[in-house]
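Enquirer: Take this structure first; my questions come after.
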Amino acid sequence: MSSSDFRSDTVTLPSEEMRAAIASAEVGDDVLDGDPTVRRLEELAAAWLGKEGALFVPSGTMANQVALGAWTRPGDEVLCERGAHIANYEAGAPAALHGIQLWPLDGERGALDAQEVKRALRPDFIHCPDTGLVCMEQTHADSGGSVVPMEAMKAVADVCREADVPVHLDGARLANAEVASGVSAADWAACADSVSVCLSKGLGAPVGSVIAGGGAFLERARLVRKRLGGWMRQAGLIAAGGLWALEHNRSRLAEDHALARDIAGRMNRFEGLSSPPDSVDTNIVLLRVSDPAPSASALVAALGERGVQVYAFTADSLRFVTHSGVGPEDAARLQAALEEILGE
Ligand SMILES: Cc1ncc(COP(=O)(O)O)c(C=O)c1O
């Protein structure tokens, strides 16, 4: 029996239909003459995000790093929320690749405070770095897939526009925010000058992300993608999976969100486990673990022995992520495993 894998929405496998789309994709040398499938994906992504253009890249990390490299110069500073993926999970790439420093600010469930951002913008003073960019994240992964409110994002965008500082949106899970909020991806993306989106998370493609924007940014982004080795040849073979995902898999994310809420409800029945139901906006459940439950790492091991895979998020919390590879039967299996481990 296969395991119930709640570790991440990156574990999804391509469906038969997606595999068929990949197998029959029309391809060309994207660097020499352009790849027709990559071009279709980039056009569709740009239209969906309401931007002038989009570039296909291998990963979400590269999409963000293309944006950072395109917007900044060495020595610049980038403002972001303390839990931001770019600050915590991109292996120091902003400093290693672009010579820039990050200035993390405290947020409320991932939302930056516009006045804090305003205060943190650097003055034009030779002793200070230049604020080259402000980065937001939607949904905010470290806050448990929270949807950052539109008013908060607009307020930050306004402050930045006034100061003439560009804004990048790490929209790795922007499709989840779109489905959960009913606000279009283009409206979310309008709060930023560039936006990255992962095709290989809840959308279910095996590989790929896009980075979208316009004008001089787009040209600069092409150059940075080239420098990072992300301009690929017959990339239509992988872009086809992303294209199929964007065309067919967006609305089904609502099922992942319902399953995540269902899981949170099941968890709260156990003493020592808590996940406030209103903390689940999308497809991520953060589960706080306290006495009398065993430690987070002991729970991960005990669940693993019962065929349920999950990550410890911190020393006292677990993270469950729902996706197309898990369903109600996996939530029931998780509950049964916990009943066995914790006693009823
Ligand atoms: C918010 C966020 N941004 C960026 C990424 C990076 O994506 P990738 O793993 O494709 O590099 C992730 C991956 O988990 C993410 O959660």
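The values are calculated or read from the model by the stated rules, or taken from the named source; none is laboratory data. Not measured: the values here are computed from a predicted model. Note: ideal-geometry Cβ built from the backbone for every residue, glycine included; neighbour counts use all protein chains shown.
Enquirer: Would you check which residues across the stretch 157-167 are among the charged types (D, E, K, R) and assigned to a helix (DSSP H, G or I) and list them? If you could, list the steps in order and put the result at the bottom.
Expert: Going through the stretch 157-167, the residues among the charged types (D, E, K, R) turn out to be 158, 161-162, 164.
Asp158, Arg161, Glu162 - these are the residues of the stretch 157-167 that are among the charged types (D, E, K, R) and assigned to a helix (DSSP H, G or I).
Enquirer: Take Gln65 and decide whether it is touching a helix residue (DSSP H, G or I) at 6+ places or on another chain (Cβ under 8 Å) and within 16 Å of the ligand (Cβ to nearest atom). Outline the logic, then answer.
Expert: Values: touching a helix residue (DSSP H, G or I) at 6+ places or on another chain (Cβ under 8 Å): yes; within 16 Å of the ligand (Cβ to nearest atom): yes.
The answer is yes for Gln65.
Enquirer: Got a number for residues in the stretch 208-238 being in a helix (DSSP H, G or I) and within 19 Å of Glu52 (Cα to Cα)?
Expert: The first filter runs over the stretch 208-238 and keeps only residues in a helix (DSSP H, G or I), leaving 215-227, 236-238.
Imposing the further condition that a residue be within 19 Å of Glu52 (Cα to Cα) reduces the set to 215-225.
Total meeting the criteria: 11.
Enquirer: Hey, another quick one. Restricting the stretch 306-344 to residues that are touching a residue at least 60 places away in the same chain (Cβ under 8 Å) and among the hydroxyl-bearing types (Ser, Thr, Tyr), which is farthest from Val11 (Cα to Cα)?
Expert: Tyr311
Enquirer: Residue check: is Val117 away from the ligand (no atom under 15 Å from the Cβ), touching a residue at least 12 places away in the same chain (Cβ under 8 Å), buried (at least 17 other Cβ atoms within 10 Å of the Cβ) and assigned to a helix (DSSP H, G or I)? So that I can check it myself, show each step before the final result.
Expert: Values: away from the ligand (no atom under 15 Å from the Cβ): yes; touching a residue at least 12 places away in the same chain (Cβ under 8 Å): yes; buried (at least 17 other Cβ atoms within 10 Å of the Cβ): yes; assigned to a helix (DSSP H, G or I): yes.
Yes; evaluated as a whole, the condition is true for this residue.
Enquirer: Report whether or not Asp193 is among the acidic types (Asp, Glu) and at pLDDT 95 or above.
Expert: Values: among the acidic types (Asp, Glu): yes; at pLDDT 95 or above: yes.
Criteria met by Asp193.
Enquirer: Which condition number does Glu90 fail, the rest of (1) within 15 Å of the ligand (Cβ to nearest atom); (2) not in a loop (DSSP other than H, G, I, E, B) being met?
Expert: Condition (2) is where Glu90 drops out.
Enquirer: Hey, can you tell me all the residues within the stretch 131-156 that are among the hydrophobic types (A, V, I, L, M, F, W, C) and assigned to a helix (DSSP H, G or I)?
Expert: So in the stretch 131-156, the residues among the hydrophobic types (A, V, I, L, M, F, W, C) come out as 133-136, 141, 147-148, 150, 152-153, 155-156.
If the condition is that a residue be among the hydrophobic types (A, V, I, L, M, F, W, C) and assigned to a helix (DSSP H, G or I), then Ala141, Met150, Ala152, Met153, Ala155, Val156 are the ones that fit.
Enquirer: Here is a follow-up. Could you please let me know if Ala205 is part of a loop (DSSP other than H, G, I, E, B), within 11 Å of the ligand (Cβ to nearest atom) and either surrounded by 24 or more Cβ atoms within 10 Å (Cβ to Cβ) or modelled with pLDDT of 95 or more (or both)?
Expert: Working: part of a loop (DSSP other than H, G, I, E, B): yes; within 11 Å of the ligand (Cβ to nearest atom): yes; either surrounded by 24 or more Cβ atoms within 10 Å (Cβ to Cβ) or modelled with pLDDT of 95 or more (or both): yes.
Here the answer is yes, as Ala205 does meet what is asked.
Enquirer: Yes or no: Trp188 out of contact with any Lys or Arg (no Cβ under 6 Å at 6 or more places or on another chain), among the aromatic types (Phe, Trp, Tyr) and within 15 Å of the ligand (Cβ to nearest atom)? Walk me through it before giving the result.
Expert: Values: out of contact with any Lys or Arg (no Cβ under 6 Å at 6 or more places or on another chain): yes; among the aromatic types (Phe, Trp, Tyr): yes; within 15 Å of the ligand (Cβ to nearest atom): yes.
So Trp188 passes the test.
Enquirer: Within the stretch 303-310, does at least one residue satisfy the condition of being assigned to a loop (DSSP other than H, G, I, E, B) and touching a Ser or Thr at 6+ places or on another chain (Cβ under 6 Å)? Please lay out each step first, then the result.
Expert: Step one: filter the stretch 303-310 for residues assigned to a loop (DSSP other than H, G, I, E, B), giving 306-307, 310.
Adding the requirement that they be touching a Ser or Thr at 6+ places or on another chain (Cβ under 6 Å) leaves 307.
Yes, the stretch 303-310 contains a residue that is assigned to a loop (DSSP other than H, G, I, E, B) and touching a Ser or Thr at 6+ places or on another chain (Cβ under 6 Å).
Enquirer: Would you please list the contacts, defined by Cβ atoms under 8 Å and residues six or more apart or on different chains, that run from a residue in the stretch 214-230 that is assigned by TED's automatic domain parsing to the domain that holds Lys51 to a residue that is surrounded by fewer than 16 Cβ atoms within 10 Å (Cβ to Cβ) and at pLDDT 95 or above?
Expert: The qualifying pairs are Gly214/Glu52; Gly215/Glu52; Leu218/Glu52.
Enquirer: Give the residues of the stretch 36-62 that are within 11 Å of the ligand (Cβ to nearest atom), assigned to a helix (DSSP H, G or I) and either of a type in the set (Ser, Thr, Tyr) or over 23 Å from Gln234 (Cα atoms) (or both), sorted by residue number. Talk me through it step by step, then tell me what you get.
Expert: Restricting attention to the stretch 36-62, the residues satisfying the condition of being within 11 Å of the ligand (Cβ to nearest atom) are 57-62.
Narrowing the set further to residues that are assigned to a helix (DSSP H, G or I) leaves 60-62.
Within the stretch 36-62, Thr61 is the sole residue that qualifies.
Enquirer: One residue is enough: does the stretch 23-31 have a residue meeting the conditions of a type in the set (Val, Ile, Thr) and within 18 Å of the chain's Cα centre (by Cα)?
Expert: Here is the first cut: in the stretch 23-31, the ones of a type in the set (Val, Ile, Thr) are 27, 31.
Of the ones still in play, those that are also within 18 Å of the chain's Cα centre (by Cα) are none.
For the stretch 23-31, residues of a type in the set (Val, Ile, Thr) and within 18 Å of the chain's Cα centre (by Cα): absent.
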